[in-house]
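Encoded as C-alpha cells, the structure appears first; notes follow it.
The values are calculated or read from the model by the stated rules, or taken from the named source; none is laboratory data. Note that the structure is a prediction, hence the values are computed from the model and not measured. Reconstructed Cβ throughout: ideal geometry from the backbone, glycine too, with neighbour counts over all protein chains shown. The protein model used for the area step is the full one, side chains on, heavy atoms only, and it has no ligands, DNA or RNA in it. Shrake-Rupley method; radii C 1.70, N 1.55, O 1.52, S 1.80 Å.
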Amino acid sequence: MKISIIGSGYVGLTTGACFADIGHEVICIDNDSNKIKSLLAGNIPIYEPGLEELVKKNVKKGTLHFTESIEEGVEKSLVIFIAVPTPPLEDGSVDMTYIEKVARQIAAVLKDYRVIVDKSTVPVKTGEKVYQTIKRYNSHKSEFDVVSNPEFLREGVAIHDLLHPDRVVIGATSERAIKIMKEVYAPFKAPILITDLNSAELIKHASNSFLALKISYINALSRICEAAGANVQMVAEGMGLDHRIGKHFLKAGIGWGGSCFPKDVAAFIKISQELGYDFKLLKEVSQINNDQKEIFLRKIRNVLWVLKDKRIGLLGLAFKNNTDDVRSSVAMDLARVFLKEGAIVQAFDPKAMGKAKELLPSIHYCSSALEVAEEADCIVLATEWEEFINLDWKSMKSKMISPIIFDGRNLLDKKKMIEMGYHYVGVGN
Ligand code: UDX
C-alpha cells in the first residue's frame, strides 16, 4: 500500500516508520525543511525507544522516504494520513488552523481518488469539515473519501503500541475507503472497529479523558488515604484486581501531564459545552489534577519551611519516563515554582535535559543522578524513570545536607528509604 503521512512529529514519524516496517511504501512529509534535512541525514529529532533503528532500517530498505512536498505525497500515495498538531488555544478549544491548511493543500493537488485519513486528535465533526474543505478547494473535482483513524500510542512505548494496537478504529461510511483502510491495517492483526466518522473522533477524546479520570480518581483517593492513615498503593492493588476496573492507570502521584491529557481533557470539556452539555465531571477531573500539584508543593513547604536559598535536587524533568518530552510536564511546573520562590534547582533527567534547558536555562543541569544530591536540602522525585529506583541511595544520602525525599511518583520503597535514614514523603502512603 502506498501511504503518505503529512506531519512528521511524534505521531506522524513513528506511524510512518511502523507502516514502512510492516511492508507499506511510506512518504513522511513535513513543512519544516530543517526537520526533513535532518531526517534525510539519518538524525531523528525526538527520543522514542527503538525509533531511530526503525527509521534507519526502513530508509535503507527503501520503503521510508521524506519530503517537504505535499504534492509529491498526494501524487504517489493512495492513502494520505494527516498527523499535524492540534494545539490548545487559551480557552481550551483546539487550534484547527494546521488541519484546515493541510486540507486545502491536499485539495489543490488532488487529481485522482485518494483516501484522506485524519490521525490527529480532533474535535468531533472535524472529518465533515475536512470533507467540505477539500471539496470546495479541489479544482479537479476528483473523487476522495475522508476517514477518521485516531491514534492511541503512548510516548515512550510508541513503537510497541503501533505494532500491537489494542484496537484500530476506522471512522468511515464509504465501502471503498473501508476496504482500503482494512488493507492498510491487515498486517497488524489487531481488532478493527468500523464506526461512523463522528463516533471515531469521539472515541479518542472519550478514551483519553477516561484515562485522565482514572488517574484523578486515584489521586483523590490518595488524599483520603493520607487523612485516614491508609496506603493508596494497596488500595489501588485491591481495586485493580477486579477485572472490570483493571490495574492500569491507578498510580497516584503528582498528576498527569504531557502533550495529550491536559489538552484533550480541556478540549473535551469545551466540545461538550458547544454541544450543549456541561461536562462537570471532567472539570472536576482537571481540578483534582491541578490541586494534586499544589498539595505536593504544600508538603515540601511544610518540611522545608522557606524555599528561598534551599538547594533542591530534582530527579526527572520529562512528563513521564522513557521520553524526552517536557510539554506540560508536572516536573517542569515544580521546577518553575522552586525557581520562582528563590530555590537553587539542580536537576537530572536521563533524556529530557536538552529540551528542558531551552525552557528553563536557570536550572543547574547535573551530569548524573548522584550529582543532584550534592549539598541538597532535599530531593524531589518528579518523573517515574525506572533507573531512579536502583540509584545508590546510601551514597546519595551521604552527599545531602539533610536526607529528605519527596517522592512524587511513589517510585521508591518507603520502608527501605526510612530504614536507610531518609525522611520520606510520598503520595497517599
Ligand atoms: C496518552 C494516552 O495514554 C495515549 O493513548 C494517547 O494516544 C496520548 O495520550 P501519553 O501522553 O504518551 O499517552 O502518556 P501516558 O502514558 O498516558 O501518561 C500520561 C500522564 O499520566 C503522565 O504524566 C504519567 O506520568 C501520568 N500517569 C499515568 C499517572 O500519573 N498515573 C498513572 O497511573 C498513569
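Run the paramagnetic zone check for GLU183: 7 angstrom along Cα to Cβ, then residues of the range 1-38 with backbone nitrogen under 13 Å. The answer is 1-3, 24-25. In the chain, the calculated helix contribution to ellipticity at 222 nm averages -14000 deg cm²/dmol per residue, counting -39,500 (n - 2.57) for every DSSP H run with n ≥ 4. Dividing the convex hull volume of the alpha-carbon atoms in the range 182-332 by its residue count gives 173 Å³ per residue. The alpha carbon centroids of the range 163-197 and the range 394-425 are separated by 49 Å. Averaging the sequence gap over all C-alpha pairs within less than 8 Å and six or more residues apart, then dividing by the number of residues, gives the range 226-345 a relative contact order of 24 percent. Between GLY229, GLY156, GLY127, the residue with the greatest mean-square fluctuation in the GNM of the chain (Cα pairs under 10 Å linked by springs) is GLY229.
Using a simple spin-label model with pseudo-atoms 7 Å out from Cα toward Cβ, LYS399 and GLU100 lie 5.2 nm apart. Applying the Karplus relation 6.51 cos²θ - 1.76 cosθ + 1.60 with θ = phi - 60° to the range 205-214 yields 3J(HN,Hα) values of 5, 5, 5, 4, 5, 5, 5, 4, 4, 4 Hz, where x marks Gly and Pro. Label-to-label distance, LEU339 versus ASP392, with points set 7 angstrom from Cα along the beta-carbon direction: 3.0 nm. Scanning residues 5 or more positions from ASP95 or on other chains, those with amide H under 5 Å from its amide H are LEU89, with H placed 1.01 Å from N in the peptide plane. Here the Kirkwood formula puts the hydrodynamic radius of the range 281-429 at 15.3 Å, using every distinct Cα pair. Here the range 85-161 is assigned +1 on the Cβ of each Lys and Arg and -1 on the Cβ of each Asp and Glu. Its dipole about the Cα centre then comes out at about 460 debye. Under the combined filter of DSSP loop state and at most 16 neighbouring Cβ atoms within 10 Å, the range 54-137 retains these GluC sites (Glu not before Pro): GLU68, GLU90. Residue by residue, the range 321-326 carries 3J(HN,Hα) couplings of 6, 6, 8, 9, 7, 10 Hz when phi is fed to the Karplus relation 6.51 cos²θ - 1.76 cosθ + 1.60 (θ = phi - 60°); x denotes Gly or Pro. When +1 charges are put on Lys and Arg Cβ atoms and -1 charges on Asp and Glu Cβ atoms, the dipole computed for the chain relative to its Cα centre reaches about 220 debye. Measuring between their Cα centroids, the range 325-347 and the range 367-384 lie 13 Å from each other.
Which residue, chosen from ALA318, PHE348, PHE338, occupies the Cα position most advanced towards the positive end of the dipole of the range 278-411, where the dipole is computed from +1 (Lys, Arg) and -1 (Asp, Glu) charges on Cβ about the Cα centre? The residue sitting farthest along the positive end of the dipole is PHE338.
According to the Kirkwood expression over distinct Cα-Cα pairs, how big is the hydrodynamic radius of the range 132-206, in Å? Roughly 13.7 Å, rounded to one decimal. Annotation for the range 238-281: trypsin sites (Lys or Arg not before Pro) lying in DSSP loop with at most 11 further Cβ atoms inside 10 Å of their Cβ are ARG244. In this structure the range 275-375 gives 48 Å² per residue of accessible area when probed at 1.4 Å with all protein chains present. Rounded, prolate or oblate: which one fits the range 259-332, using the alpha carbon gyration tensor with axes a ≥ b ≥ c (rounded when a/c is under 1.5, else prolate when a/b beats b/c, else oblate)? Note, shape of the range 259-332 comes out oblate.
Shape class for the range 33-92, computed from the alpha carbon gyration tensor (a ≥ b ≥ c): oblate, with a/c not under 1.5 and a/b at or below b/c. Taken along its three principal axes, the alpha carbon spread of the range 69-171 comes to 41, 35, 25 Å, from the longest extent down to the shortest. Applying a threshold of 29 Å to the alpha-carbon distances of LYS214/LYS270; LYS60/LYS119; LYS182/LYS280; LYS60/LYS204; LYS56/LYS189 flags LYS182/LYS280; LYS60/LYS204 as lying beyond it.
What percent does the relative contact order of the chain come to when contacts are Cα pairs within less than 8 Å and at least six residues apart? Here the relative contact order equals 12 percent.
Restriction of the trypsin sites (Lys or Arg not before Pro) in the range 70-170 to DSSP coil positions whose beta-carbon has at most 16 other beta-carbons within 10 angstrom yields LYS111, LYS125, LYS141, ARG154, ARG167. Any chance you could check the Cα centroid distance between the range 1-73 and the range 267-285 for me, in angstrom? That distance is 36 Å.
Placing +1 on the Cβ of every Lys and Arg and -1 on the Cβ of every Asp and Glu, with no other charges, gives the range 101-227 a dipole of roughly 400 debye about its Cα centre.
Residue separation of LYS308 and ARG154 scaled by 0.36 nm, minus their Cα-Cα distance, works out to 51.7 nm of gained length. Considering only protein heavy atoms and a 1.4 Å probe, what is the carbon-and-sulfur percentage of the accessible area of the chain? Here it works out to 54 percent. Distances between placed amide hydrogens fall under 5 Å for ILE344 paired with ASP309, LYS310, ARG311, ILE312, all partners being 5 or more residues away or on another chain.
Ordering GLY257, ALA220, LEU307 by Cα displacement along the dipole of the range 214-309 toward the positive end leaves LEU307 in first place; charges were set at the Cβ atoms of Lys, Arg (+1) and Asp, Glu (-1). The heavy atoms of PHE210 present about 120 square angstrom of accessible area, all protein chains included, probe 1.4 Å. Excluding residues on the same chain fewer than 8 positions from LYS340, give the aspartates and glutamates whose Cα lies under 12 Å from its Cα. Result set, ordered by chain and number: ASP309.
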